[in-house]
Amino acid sequence: MRHSEYHRSHHIGWLRAAVLGANDGIISTSSLIIGIATAHATHQNILLTGMAGLVSGAMSMAAGEYVSVSSQSDTETADLGRERDELATQPEHELEELTSIYIHRGLTPELAKQVSKQLTAHDALAAHARDELGIIDTMNARPIQAALASAATFAVGAALPLFIAFIVSTANIVPFVALTSLVFLALLGGLAAKVGGANVWIGTGRVAFWGALAMAATAGVGSLFGVAVA
Ligand SMILES: [Zn+2]
């Protein structure tokens, strides 16, 4: 009888990446907008800067994600190739290796030997990939999907402060972008914590704190430049 059990970690991977991408978009673009607005730029230049931040940020997220996931995929493929060779050239040694893994996991030596023999007969490479290398099917790298997903979530996050900067007057950009961005960040942080089964208030406070810190830092730099330019 299969009992129903819901493990959040099975479903959280893509959400965590989406929230992180959106957080990045909100924090980096709102900080950029606040920095340039504090330096007394025109409304048009502020929007231009925000748009440039959105596009460059989304592209760098996509590039970074594509490169890191591709290199993970390269490493997995190379490991699997080496494992396949070892299974072909030294099957006895590989069987011993698998047996010792199961003994370390708590099986008796007899049972470990039996299990490793049966799993090897069933699909040796899959057993070694999963239990020796930790490569599980679900984690198969998909660089293009990962790159597109992180670029899209970054762009959605960045569009929020940019939209606010677009609809309010120049004088109100700093307070409105700062306030609304902190609210967006708090909502995202709370959502990610809730879905992940973690403490919502800690999740909210953590991301709002770092967002506020980033905006304060760029406002500081912006006001320095504002004074220098004036
Ligand atoms: Zn092996």
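Summary of values
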| item | result |
| --- | --- |
| In segment 34-48, the residues that are closer than 20 Å to residue 217 by Cβ, of a type outside the set (A, V, I, L, M) and not in a helix (DSSP H, G or I) | 40 |
| Residue, nearest to residue 152 (Cα to Cα), within segment 65-85, restricted to residues that are within 10 Å of the ligand (Cβ to nearest atom) and crowded, with 16+ Cβ neighbours inside 10 Å | 79 |
| First in segment 122-133 and farther than 16 Å from residue 112 by Cα and hydrophobic (A, V, I, L, M, F, W, C), second anywhere and near the ligand (Cβ under 9 Å from one of its atoms) and open to solvent by less than 60 Å² (accessible area, probe 1.4 Å), Cβ under 7 Å, 6 or more apart | 125/83; 125/87; 129/83; 133/83 |
| Residue, modelled with the lowest pLDDT, within segment 171-204, restricted to residues that are of a type outside the set (A, V, I, L, M, F, W, C) and surrounded by 15 or more Cβ atoms within 10 Å (Cβ to Cβ) | 196 |
| Residues satisfying the stated conditions in segment 105-121, i.e. more than 14 Å from the ligand (Cβ to nearest atom) and assigned to a helix (DSSP H, G or I) | 109, 110, 111, 112, 113, 114, 115, 117, 118, 121 |
| Given (1) within 21 Å of residue 23 (Cβ to Cβ); (2) in contact with an Asp or Glu (Cβ under 7 Å, 6 or more places away or on another chain), number of the condition residue 98 does not satisfy | (1) |
| Selection from segment 87-98 of residues that are without any contact (Cβ under 8 Å) to a residue 40 or more places away in the chain, within 11 Å of the ligand (Cβ to nearest atom) and assigned to a helix (DSSP H, G or I) | 91, 93, 94, 95, 96, 97, 98 |
| Filtered residue count, segment 56-75, keeping only those that are without any contact (Cβ under 8 Å) to a residue 24 or more places away in the chain and within 20 Å of residue 160 (Cβ to Cβ) | 2 |
| Unique residue being in a helix (DSSP H, G or I) and open to solvent by less than 30 Å² (accessible area, probe 1.4 Å) when the list is 221, 207 | 207 |
| Cross-chain or 6+ apart pairs with Cβ under 8 Å, segment 161-184 first and closer than 17 Å to residue 39 by Cα and of a type in the set (S, T, N, Q), then open to solvent by less than 60 Å² (accessible area, probe 1.4 Å) and in a helix (DSSP H, G or I) | 169/43; 170/37; 170/43; 170/46 |
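Matching residues to (1) modelled with pLDDT under 95; (2) over 27 Å from residue 26 (Cα atoms); (3) touching a strand residue (DSSP E or B) at 6+ places or on another chain (Cβ under 6 Å); (4) charged (D, E, K, R):
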| position | (1), (2), (3), (4) |
| --- | --- |
| 88 | no, yes, no, no |
| 106 | no, yes, no, no |
| 133 | yes, yes, no, no |
| 138 | yes, yes, no, no |
| 141 | yes, no, no, no |
| 157 | no, no, no, no |
| 162 | no, no, no, no |
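The values are calculated or read from the model by the stated rules, or taken from the named source; none is laboratory data. Not measured: the values here are computed from a predicted model. Cβ coordinates were reconstructed from backbone atoms using ideal geometry, including for glycine residues, and neighbour counts include every protein chain displayed. When the accessible area is computed, the model is the full protein with side chains, heavy atoms only, and any ligands, DNA or RNA have been set aside. Shrake-Rupley method; radii C 1.70, N 1.55, O 1.52, S 1.80 Å.
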